[in-house]
Structures are given as structure tokens and as C-alpha cells.
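The values are calculated or read from the model by the stated rules, or taken from the named source; none is laboratory data. Given the structure is predicted, the values throughout are model-derived calculations rather than measurements. Every residue, glycine among them, receives a Cβ derived from its backbone with ideal geometry; neighbour counts consider all protein chains shown.
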Amino acid sequence: MSVACSAEVFSPAAGTFEPLPRMAMQRWFHAAVATEGKVVVSGGIDPGKQFQGNAVEVYEPQSQSWVLSHAMWLTKVRAGHVAAVAAGKLYVVGGASRNVPGHASERSSQSFDLEALTWEQQLPMRVGRLGCCGAVLKMGPGAAE
């Protein structure tokens, strides 16, 4: 399998994909999420199937470049995990902490406070998940806004 360090942006108006600058690291089984006008890519496995799963890169549209964000590096190595943003925090959930496939899925989760720039352990899931996906669902008063 070919592993790339490339990314593309889709233009709905033109119906086309355009290449972005290359990321610093090749990776697969990573997670990506958009927040605050940027794209955050976390974890994953390098082409030699060796974990680099705590590395985080942030795409900055204004400078059109990827930045290795050492302040955001995961406190736990992860691949095959899911990332989501809610209430000013980046949540990273599940995945595996050893080479994928063939290893047990993680129950653990952690959140990164985008303002304080700190990680915090969250309660684990009841069942570990690997190669999962997720969504943020706003519930309660004001949910339709």
C-alpha cells in the first residue's frame, strides 16, 4: 500500500480537488478534523509500519503550510482513532496504541483544550474501537441553532 503525505481540498463551486502542500510526515490510520479555520491531523502509522502515533500537524490556510505542533502532540500513541471538536476542545478517542492491524482497540479518550493548550484524560469508552468514525451531535436547548 502506498502511503502519502499529501492532502487535497475540494471546491464545491468548481467540483474539483486541488492539492495542498505536503505534510511533514507520511501517515495512514490517522484522524483529521477541521477547527478554527484550520485542519488538525493526529496520530497514525508511518510507511514502515512503525508508530509515530503522537505526532500532530496543523494546516494553516493563511500561510498555506503544515506546521508540526509539538504543543498538541498526543500524550498517548494512537492510530485508527477518531477526532472531533466540541465546546472548544479537540477530542481524540479509541484507535490502537500498537501497530494496526492485529492489536487490541483502545477504550481510552483524551481532550485538548484549544485555548489553554493542555491535554486531559477523559473517561474511557465501555468498548474499545479501532478504525472508527464519529460525529458531534448538539443536543438540548439551542440545539437547532
Task: Tally of residues being in a loop (DSSP other than H, G, I, E, B), of a type outside the set (Gly, Ala, Ser) and without any contact (Cβ under 8 Å) to a residue 40 or more places away in the chain across region 97-137 - done: 10
Task: Lone unmet requirement of (1) of a type in the set (A, V, I, L, M); (2) closer than 18 Å to residue 130 by Cα; (3) out of contact with any strand residue (DSSP E or B) (no Cβ under 6 Å at 6 or more places or on another chain) for residue 25 - done: (2)
TODO: Quick one: residue 82 ticks every box in (1) of a type outside the set (Lys, Arg); (2) at negative phi; (3) at pLDDT below 90 except a single one, so which number is it?
DONE: (3)
Task: residue 140 part of a loop (DSSP other than H, G, I, E, B) and within 27 Å of residue 4 (Cβ to Cβ) - done: no
Open item on the list: Taking the criterion of being charged (D, E, K, R) and buried (at least 19 other Cβ atoms within 10 Å of the Cβ), would at least one residue in region 48-56 satisfy it?
Closed with: no
- [ ] Test residue 130 against the criterion of being modelled with pLDDT under 95 and loosely packed, with under 10 Cβ neighbours inside 10 Å, and give yes or no.
- [x] no
Task: Odd one out for residue 62 among (1) in a loop (DSSP other than H, G, I, E, B); (2) more than 21 Å from residue 9 (Cβ to Cβ); (3) out of contact with any strand residue (DSSP E or B) (no Cβ under 6 Å at 6 or more places or on another chain); (4) without any contact (Cβ under 8 Å) to a residue 60 or more places away in the chain - done: (2)
Task: Hey, residue 9 of a type in the set (Val, Ile, Thr) and either buried (at least 20 other Cβ atoms within 10 Å of the Cβ) or within 16 Å of residue 113 (Cα to Cα) (or both) or not - done: no
